[in-house]
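J.: Right, I'll just put the structure down here and ask away after.
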Amino acid sequence: MSGHSTYEPKTGIERWLDARLPIIRFAKETAIDFPTPKNLNYWYTFGGILAVCLVVQILTGVILAMHYVPNGDMAFNSVEHIMRDVNYGWLIRYMHANGASMFFLAVYIHIARGLYYGSYKAPREVLWILGCIIYLLMMATAFMGYVLPWGQMSFAGAVVITSLFSALDQIIPGLGTAITTWLWGGFAVGGATLNRFFSLHYLLPFMIAGVVGLHIWALHVPGNNNPTGVEPTSKEDMVPFHPYYTVKDGFAISAFFILFAWFVFFAPEALGHVDNQVPANPLVTPAHIVPEWYFLPFYAILRSVPQKLFGVLAMFGSIAMLFALPWLDTSKVRSMRYRPTARIFLILFVLATIGLGWCGGKEPADMVITMGHDANNDPTGFSVVWFSRILAIYYYAYFVLILPLLGLFETPSEVPTTISTPVLPKGGSAIPAGAVAAPEKKG
Amino acid sequence: MLRKSALIRTAVAGLGLLAVIGAGSVAGAATTQAPLKEVPGGFSFEGPLGKFDQASMQRGFKVYAEVCASCHAMSLMSYRNLCQPGGPFYDERWKDHPAESPYCKAIAADVKVPDIDPDTGDAIQRPATPADHFRSPFPNEPAARASNGGALPPDLSVMARAREGGPQYIYSILTGYVAPPAGLTIAPGKFYNPYMPGDLGSSWSGSKTTVPLGGVIAMPFQLTAGRVTFDDGTPSTTSQQAKDVATFLAWTAEPKQQERKEAGLAVMIYLIFFTGILYLSYRRIWRDVAH
């Protein structure tokens, strides 16, 4: 990270501080001067968007926690109190609830970008794994946050997810039951569960923030990957982070906020479920339990396996695949821009995941293609559960078969020798004169 | 160029495949419901720029107070809410002190709420104040069930957000009562309503392929023509009463809805303008970098 500092303390105070805690030097090196490949496209703005999402969630969440009551009898009404009586409470709550969806939308794009440009490959494996840990923490946080309003779907979701651990009874009898009892703080999901979920929902975002710090540290050691997947070879390949990427990220963040604001102000409950406006009632189970949209692909994988333990393993395994990815992809070429075959398989992988999400929102017995009706007039044909089985197999095959083998057999197209090569006319110099010399003095 | 077009072709082909599969699906869920009715004239509050019709909310409040409130609680609402900005009885003169509004005081004073006498500790009934929550018709759930054939009339505070279709669902249910088709057995004290989600397969004697849509509801048809007399002279048809009470319930479910949409418009204009400025800054800063 060092070696590109142009920081010179000018005042006495700055020199004094620089000798004791060089924090200004650190900020200048990492957030201003940091050399960044000049060819990063808009897919690379999602890292900045995600940082803003985390800040929005923590700020709105801290304010919500001032008014929310984590008690089984009062939680639902306290959320409505926020919506009705707290000044701009409706705005803060809708930002927080929709902010979670925006966070996941951005993280899925961020992950897909990493998959496409091979950002998980050496020397960025640790960076990638830290990202996977952030994603796992996000899922835990979002799940527990969804429980807090204590509506019908909150309650059903808490029951379904915590009960997954009871599958461990099939390995050691009693183990799963003991774990679920421990998680619940009782013998069923109830007030004690809600209270601990609130505690953890407040804790985990700060753990996310900590891992984000490590993620950015791990980014700044090897530096950014870029769409060519070619490591920068000269200064001409790079621009300083500021102002080039502060303005590009800033533009993207602002554009992303237009989408965010659309949901917050004009469709705040479009991504939710009406059953969650009914207070939790352990005696009534919603007719159709569905998780939030961002969990649907994993829910579909879970339900595609008829045996509970293996279903749970398949679901967690689908995320574990991401952790192993750096060692599963055998290709020497980093970016799929130069791997035409791999590109098609990746697009199919993204479509399979979206398809799994679609399956997760349907009942397993629903038909994808109806071919007829049985004696009870129930439709027969190609069912959702079979469709999700096929998609889940492809999901796994992408990691354990396609990527390991493709790297050995495919013929990549020609990889440019430098980052600058693809954008320059033949024989042109690497960079127009004066481009990076003093950008802040222009205009 | 070749690279991009190949990518787009594959993506389009894949999406097309998914769309075909999606279109072919006809869900065979057990619960059925007739498609919701179109509300005559639509609701004024729909859409990104929709606003509540205050006269309709006032009529809807009267329907609620004279009909619904005899069985349904509305525990999240207080009488003061009726006079807050955006509410059915909002008046600019009491903009900063809605609870001082004589409308709210008068509406509340007509209602007796249970309380404890501070001197004797006895349970008493006293006239409500604007600060009181809407009076619940029953003291507890068993009492509510006992008076309604075992069924619990749901709290209506957020009903318009708690059902698919919201206000349109409320309108459809209230106006949708029809005689049960021949072959459908309805238990005494229950009623057939095609807009109530349900599964009538077990009470249907006809063919499995012609099970009627909808379900049974414990509430009988309520909004007969003229049931409520509207003070503004609006004809009190079933449809008008249902539309007005659905409007009122849409407001109680989210009293800040109109404020939200109005703020949203300003935020959108600001964000689009600000994003445009950032884009121009981006173009200017990057103008000399080939990338």
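J.: Return only the number of the condition from (1) touching a Pro at 6+ places or on another chain (Cβ under 9 Å); (2) free of Cβ contacts under 8 Å to residues at least 60 places away in the same chain that B:Gly176 does not satisfy.
T.: Every listed condition holds for B:Gly176 apart from (2).
Yes/no matrix, rows are residues, columns are (1) within 14 Å of another protein chain (Cβ to nearest Cβ); (2) surrounded by 21 or more Cβ atoms within 10 Å (Cβ to Cβ); (3) farther than 24 Å from A:Ser166 by Cα; (4) without any contact (Cβ under 8 Å) to a residue 40 or more places away in the chain:
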residue	(1), (2), (3), (4)
A:His273	yes, yes, yes, no
A:Gln277	yes, yes, yes, no
A:Asn281	yes, no, no, no
A:Ile289	yes, no, no, no
A:Ala314	no, no, no, no
A:Ala320	no, no, no, yes
A:Met336	yes, yes, yes, no
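J.: For the stretch A:229-252, which residues satisfy the criterion of being touching a residue at least 24 places away in the same chain (Cβ under 8 Å) and part of a loop (DSSP other than H, G, I, E, B)?
T.: Matches in the stretch A:229-252: A:Gly229, A:Val230, A:Pro232, A:Thr233, A:Ser234.
J.: Return the residue satisfying two criteria in turn: it lies in the stretch B:247-291 and is part of a helix (DSSP H, G or I) and of a type in the set (Lys, Arg), and of such residues it is farthest from the other protein chains (Cβ to nearest Cβ).
T.: Top of the filtered list is B:Arg283.
J.: Another question, then. From the residues in the stretch A:344-366 that are facing chain B (nearest Cβ under 9 Å) and more than 21 Å from the chain's Cα centre (by Cα), which one is farthest from A:Gly311 (Cα to Cα)?
T.: Ranking the candidates gives A:Ile344 first.
J.: Further, regarding this structure: Taking the stretch B:228-246, which residues are surrounded by 14 or more Cβ atoms within 10 Å (Cβ to Cβ), part of a loop (DSSP other than H, G, I, E, B) and touching a residue at least 24 places away in the same chain (Cβ under 8 Å)?
T.: B:Val228, B:Phe230, B:Thr234
J.: Taking the condition away from chain A (no Cβ under 14 Å), under 30 Å from A:Ala261 (Cβ atoms) and modelled with pLDDT under 95, does B:Glu92 pass?
T.: On the way: away from chain A (no Cβ under 14 Å): yes; under 30 Å from A:Ala261 (Cβ atoms): yes; modelled with pLDDT under 95: yes.
Spelling it out, B:Glu92 is indeed away from chain A (no Cβ under 14 Å), under 30 Å from A:Ala261 (Cβ atoms) and modelled with pLDDT under 95.
J.: Could you pull out every one of the helices (runs of 4 or more DSSP H) wholly within the stretch A:1-112 that has 1 or more residues that are under 24 Å from the mean Cα position of the chain (by Cα)?
T.: A:46-67
J.: May I pose another question? For the condition under 30 Å from A:Asp73 (Cα atoms), among the hydroxyl-bearing types (Ser, Thr, Tyr) and surrounded by fewer than 22 Cβ atoms within 10 Å (Cβ to Cβ), what is the one hit in A:Tyr299, A:Tyr294?
T.: A:Tyr294
J.: Could you grab me the full set of residues in the stretch B:194-224 that are buried (at least 17 other Cβ atoms within 10 Å of the Cβ), more than 13 Å from chain A (Cβ to nearest Cβ) and either in contact with a helix residue (DSSP H, G or I) (Cβ under 6 Å, 6 or more places away or on another chain) or of a type in the set (Phe, Trp, Tyr) (or both)?
T.: Answer for the stretch B:194-224, where residues must be buried (at least 17 other Cβ atoms within 10 Å of the Cβ), more than 13 Å from chain A (Cβ to nearest Cβ) and either in contact with a helix residue (DSSP H, G or I) (Cβ under 6 Å, 6 or more places away or on another chain) or of a type in the set (Phe, Trp, Tyr) (or both): B:Tyr195, B:Leu223.
J.: Can you pull out every residue in the stretch B:145-175 that is more than 12 Å from chain A (Cβ to nearest Cβ) and among the polar types (S, T, N, Q)?
T.: B:Ser147, B:Asn148, B:Gln168, B:Ser172, B:Thr175 - these are the residues of the stretch B:145-175 that are more than 12 Å from chain A (Cβ to nearest Cβ) and among the polar types (S, T, N, Q).
J.: Looking at the stretch A:359-391, which of its residues are over 20 Å from B:Thr210 (Cα atoms), of a type in the set (S, T, N, Q) and assigned to a strand (DSSP E or B)?
T.: Matches in the stretch A:359-391: A:Ser383 only.
J.: Still on this structure, I have one more. May I ask you to say which residue of A:Ile92, A:Ile109, A:Ile133 is more than 19 Å from A:Glu292 (Cα to Cα), surrounded by fewer than 18 Cβ atoms within 10 Å (Cβ to Cβ) and of a type in the set (Val, Ile, Thr)?
T.: A:Ile133
J.: A:Ile319 versus (1) among the β-branched types (Val, Ile, Thr); (2) within 30 Å of A:Pro412 (Cα to Cα); (3) more than 18 Å from the chain's Cα centre (by Cα): which is the lone unmet condition?
T.: With respect to (1) among the β-branched types (Val, Ile, Thr); (2) within 30 Å of A:Pro412 (Cα to Cα); (3) more than 18 Å from the chain's Cα centre (by Cα), A:Ile319 is out only on (3).
J.: Within the stretch A:154-192, can you find the residues that are hydrophobic (A, V, I, L, M, F, W, C), assigned to a helix (DSSP H, G or I) and over 30 Å from the mean Cα position of the chain (by Cα)?
T.: The answer is A:Leu175, A:Ala178.
J.: Would you pick out the residues in the stretch A:367-378 that are within 17 Å of B:Asp199 (Cβ to Cβ) and either within 7 Å of another protein chain (Cβ to nearest Cβ) or of a type in the set (Lys, Arg) (or both)?
T.: A:Asn376, A:Asn377, A:Asp378
J.: Which residue out of B:Leu184, B:Leu213, B:Leu200 is out of contact with any strand residue (DSSP E or B) (no Cβ under 6 Å at 6 or more places or on another chain) and in contact (Cβ under 8 Å) with a residue 24 or more places away in the chain?
T.: B:Leu200
J.: Pairs under 7 Å by beta carbon, first residue surrounded by 10 or more Cβ atoms within 10 Å (Cβ to Cβ) in the stretch A:7-18, partner not in a helix (DSSP H, G or I), six or more apart or different chains?
T.: Filtered contacts from the stretch A:7-18: A:Arg15/A:Pro9; A:Asp18/A:Pro9.
J.: For the stretch A:379-412, what are the residues that are exposed (fewer than 14 other Cβ atoms within 10 Å of the Cβ) and either closer than 30 Å to B:Trp204 by Cα or at the interface with another protein chain (Cβ under 8 Å from one of its Cβ atoms) (or both)?
T.: Within the stretch A:379-412, just A:Thr380 meets the criteria.
J.: Out of the residues in the stretch B:161-184 that are within 21 Å of B:Ser44 (Cβ to Cβ) and small (Gly, Ala, Ser), state the one that is surrounded by the fewest Cβ atoms within 10 Å (Cβ to Cβ).
T.: Ranking the candidates gives B:Gly165 first.
The values are calculated or read from the model by the stated rules, or taken from the named source; none is laboratory data. Just so we're clear, the structure is a prediction, and the values are computed from it rather than from any experiment. All Cβ positions, even for glycine, are placed from backbone atoms using ideal geometry, and neighbour counts span all protein chains on display.
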